[in-house]
Amino acid sequence: MTDQASNIYPDLTPAQRIDGKAFAAALRGDVAEGAARFQADRGRQPGLAVVLVGDDPASQVYVKTKMRQAAEAGIRSFPHLLPGSTSQDELLQLIAALNSNDEVDGILVQLPLPAQIEETAVIESIDPGKDVDGFNPVNVGRLSTGQSALVPCTPLGCLLLLQDRLGDLSGKKAVVVGRSNIVGKPMAQLLLNANCTVTTVHSRSRELAAECRSADILVVAVGRPEMVDASYIKPGAIVLDVGINRITRDDGQSRLTGDVDFEAVSTVAGAVTPVPGGIGPMTVACLLRNTLSAAQARAAR
Ligand code: GUN
């Protein structure tokens with residue numbers, strides 16, 4: 001707790017720490033039960049193709065985690081680890097093959113892709129029914145018109161945590177900081193579909209802190225280490241920190257931190273997600289959930 005933060009609202013009790021890691025583990029348990037039922041009914045496991053192009057170390061870690069947790073949940077991975085020199089045509093040919101492979105229910109192409117490959121072309125080539133990232137414009141459109149859709153994993157994880165804490169979100173004032181296609185925009189859409197009053201703010205917004213201070217629900221996804229301090233927070237608000245930033249301390253050691261100053265914000269908020277152990281584990285759990293949903297929807301067709 002910093003002096004600066006504790007002086008703003010001296011009478012408040014500290015925020016609860018939202019345990020995304022535990023919630024994600026429970027969610028993976030539910031997926032594992034569903035995957036076992038799917039296997040009993042259909043004679044095969046739900047299948048997830050995981051495509052990584054190049055050797056970006058962070059992407060390698062993410063992909064490994066996704067495949068390990070898929071295996072633990074009874075989901076079969078189809079790994080495709082391609083060299084960084086892979087051409088766009090080669091990648092599109094692979095996706096076409098995965099689109100027509102009946103054992104593959106979900107296709108995940110890890111982003112970012114090397115410069116010679118156009119991300120949009122790749123995303124648009126994935127069968128919308130297998131688009132477990134929810135990035136294909138068909139799913140984006142379905143989400144924005146309130147139809148059933150495969151929904152991007154990180155904002156879906158945020159929504160599940162919020163509903164677990166608050167139940168019905170109707171009428172809540174929600175502010176989303178950041179407007180990326182992966183988090184900010186779909187997050188705003190999900191909150192709107194859940195009957196929140198939603199504001200999206202970003203790097204060009206005016207009165208950023210004041211906007212945030214109006215929020216019952218604050219979701220921060222900007223990639224700026226500890227940008228959000230206690231002055232951004234309405235007393236009692238729920239704060240979800242999507243940022244994962246690696247920063248180097250004065251002693252040369254590096255550590256992970258979010259977009260939210262956890263200690264300072266905890267003096268004002270009602271509840272806050274930590275980094276690590278907050279939203280991050282929810283993203284992978286929701287990828288597995290989406291894969292099971294895609295498998296069930298394909299089987300029902
Ligand atoms: N890279 C960073 N986040 C994501 C994600 O959610 N999905 C994919 N495919 N790549 C990412």
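A crude spin-label estimate for the pair residue 64 and residue 210, with each label 7 Å from Cα along the Cβ direction, gives 4.8 nm. The lysines whose alpha-carbon is closer than 21 Å to the alpha-carbon of residue 66, local same-chain residues fewer than 8 away aside, are 21, 130. For a straight C-alpha distance cut-off of 18 angstrom, the lysines reachable from residue 173 (same-chain residues fewer than eight places away being disregarded) are 185, 234. Summary value for the chain: 24 percent relative contact order, contacts being C-alpha pairs under 8 angstrom separated by 6+ residues.
Scattering from the chain was approximated by placing one identical point on each alpha carbon and applying the Debye formula without solvent; log10 I(q)/I(0) at 0.08, 0.11 1/Å stands at -0.37, -0.69.
Values of log10 I(q)/I(0) for region 155-252 across q = 0.12, 0.21 Å⁻¹ run -0.36, -1.04, by the Debye formula with one identical scatterer at each alpha carbon and no solvent. Taken about its Cα centre, the chain carries a charge dipole of about 540 debye when Lys and Arg each add +1 at the Cβ and Asp and Glu each add -1 at the Cβ. Listing 85, 293, 144 from fewest to most neighbouring C-beta atoms within 10 Å gives 85, 144, 293. I'd like the distance between the alpha-carbon centres of region 157-179 and region 99-142, rounded to an integer number of Å. Here the two parts' Cα centres lie 26 Å apart.
For the chain, the cysteines with no partner cysteine C-beta closer than 4.7 Å are 158, 196, 212.
Along each principal axis, taking the top coordinate minus the bottom one, the Cα set of region 1-149 gives 61, 43, 35 Å in descending order. Each part gets one Cα centre, and for region 251-287 versus region 31-87 those centres are 26 Å apart.
Dimensions of region 89-128 based on its C-alpha atoms, expressed as ranges along the principal axes with the largest first, amount to 31, 16, 13 Å.
Here, each number is a calculation from the coordinates, and none is a lab measurement. Owing to the predicted nature of the structure, the values given are computational and were not obtained by experimental measurement. For neighbour counting, all protein chains shown are included, and Cβ atoms are generated from backbone atoms with ideal geometry for every residue, glycine included.
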